1. With r defined as the distance between the Cβ atoms of ALA194 and ASP444 and R0 fixed at 45 Å, what FRET efficiency is calculated, to the nearest 0.05?
2. So for the stretch 58-377, averaging the separation of alpha carbon pairs under 8 Å that are six or more residues apart and normalising by length, what relative contact order in percent results?
3. Suppose we keep just the DSSP beta bridges with both residues in the chain; what percent of those would be antiparallel, to 5?
4. I need the P(r) histogram for the stretch 58-377: all alpha carbon pairs, bin width 20 Å from 0 out to the longest distance, whole percents.
5. Measure off 7 Å from each Cα along the Cα-to-Cβ vector at GLU134 and ASP407, then give the distance between these two points in nanometres to one decimal.
6. When the accessible area of the chain is split by element with a 1.4 Å probe, what percent falls to carbon and sulfur?
7. For SER10 and SER228, FRET efficiency with R0 = 60 Å and r from the beta-carbon atoms, rounded to 0.05?
8. Subtract the Cα-Cα distance of ASP156 and LEU113 from 0.36 nm times their separation in residues, and report this length gain in nm to one decimal.
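The values are calculated or read from the model by the stated rules, or taken from the named source; none is laboratory data. Nothing here was measured: the structure is a model prediction, and the numbers come from that model. Ideal geometry is used to build each Cβ from the backbone, glycine not excepted, and the neighbour counts take in all protein chains shown. Calculation scope for accessible area: heavy atoms of the full protein, side chains included, ligands and nucleic acids excluded. Shrake-Rupley method; radii C 1.70, N 1.55, O 1.52, S 1.80 Å.
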Amino acid sequence: MQKVDLLITSGQVVRSDSILKADIVVHDGKIAGLVEDGLRPEAEQVIDAKGKFVMAGVIDPHNHMREPGITKRETWVTGTMAAAAGGVTTVLEHPVSIPPTATLKAFEDKKALADAKSLVDFGLYGGDGTTSIENIPALAGAGAVAFKTFIWDYPDRAAEFEGITCTDDDALLEIFEEVSKTGLVQTLHAESKAIVQHYTKKLVAAGRKAPYDHEASRPVLSEVEAISRVVLFAMETGVRLNIPHLSSGSGAAVIKAAQDKGYDNITAETCPHYLFLTKERLQEIGPYGKVNPPIRSQEEQDKLWEHLLNGTITTIGSDHGPHLPEHKEKGWDDIFEAPAGSAAVEALLPTMLNAVSQGRLTLQDVTRLMSENVAKLYGIYPRKGVIQVGSDADLILVDMGKEVTIDRDKLYTKQKDACRMFDGYHIVGWPVMTMVRGTVVMRDGEVVGEPGYGQFIARLTPES
Ligand code: ZN
Ligand code: ZN
């Protein structure tokens, strides 16, 4: 009998419905079998997973690689090294870049660039906005996994947002109608500019510009108002709408109300910083904790958890969006001068594993929220997101006994110095190996993958 490429022995295999003891057979980059230990085929390579959990690799649905564009912030090489280090085997990259991914040419150029540099597999969002509505069918045809727009304009970052903003309801409805014809998911940054301007103006007039004032300038009201409005539009047009980086339980309640009326086209994603940090963290790390929407109160976070556990929120993303420390530093004196965003991909899975150690959710929940549901929402299931015969062998080994204190100096992101949200956090449960299509790209914390190994993953189906 012909030898298989790889056998992963004696691990506990985690799937969303069960944990089973099985060996995993890998051949030609795919999962070729799940076998009991008496039935092992001969293999070229054997990895002993005794004492470890074997999970589907994490798919990060919310990632900003900054390239092409501002490569001082991050690149496809450093960003996907960080992904591999954190157990992420596929990144779905958002359209904010220079140029933004709002034309077929920009999409194909970014695809070629990432194909040459990425260590892990990747999918791309198409960007849509008032001036790029006519590009929606072509971007969908090119294999985009979803669309993203911004309901604000960003004059100080115009080159990064050209063609992906939509500031009026007329164009937004048009976008929703066009995207609904493609079957793809539409996402958008849900905060109300008018409400944020209103509160920011008052804070500035009162001389309040300390880091802690960031949350007050973008209150829960601004998220709830924006979500309410776009949810109504999604109900009307039938577009599949996913609200990314949901920060508040109050925002989640709006989505839950729509879902309870039968609108299963409306879904939500949250991020670890909204699940584990509260606005008090801004006093400790200042502008390094500035993200939009902001980190909220304990009360909002508790409600957000309820909506994670009851199924309102179905995916978790990192919102990896690095900025330079020298730009962040300006925020100590005036928080409104600092850019929002943080390099978050390496902490994505570890923080959730730590929540498993604390008994807040299970490993099955983690694989459902961070792999299976993500693959299904973005149309790359069952190639990705599940351990079953025929799927890509994107696998991670997790050691739930391993304790690590996050040290930003040891991170792979280019912006490790600005990566402080979870710096110093003690984590129990850690990914110790990452494999993409059967090839090890991280072993014991060391990234060993090659730039350019990662492949473009097109949307397989409009819905699955
Ligand atoms: Zn956003
Ligand atoms: Zn983002």
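1. 0.35
2. It comes to 18 percent, rounded to a whole number.
3. Close to 45 percent.
4. It works out to 34, 62, 4, in whole percents.
5. For the pair GLU134/ASP407, the computed spacing is 5.6 nm.
6. Ligands and nucleic acids excluded, carbon and sulfur give 50 percent.
7. Computed FRET efficiency for SER228 and SER10 comes out at 0.75.
8. The ASP156-LEU113 span can extend by a further 12.9 nm.
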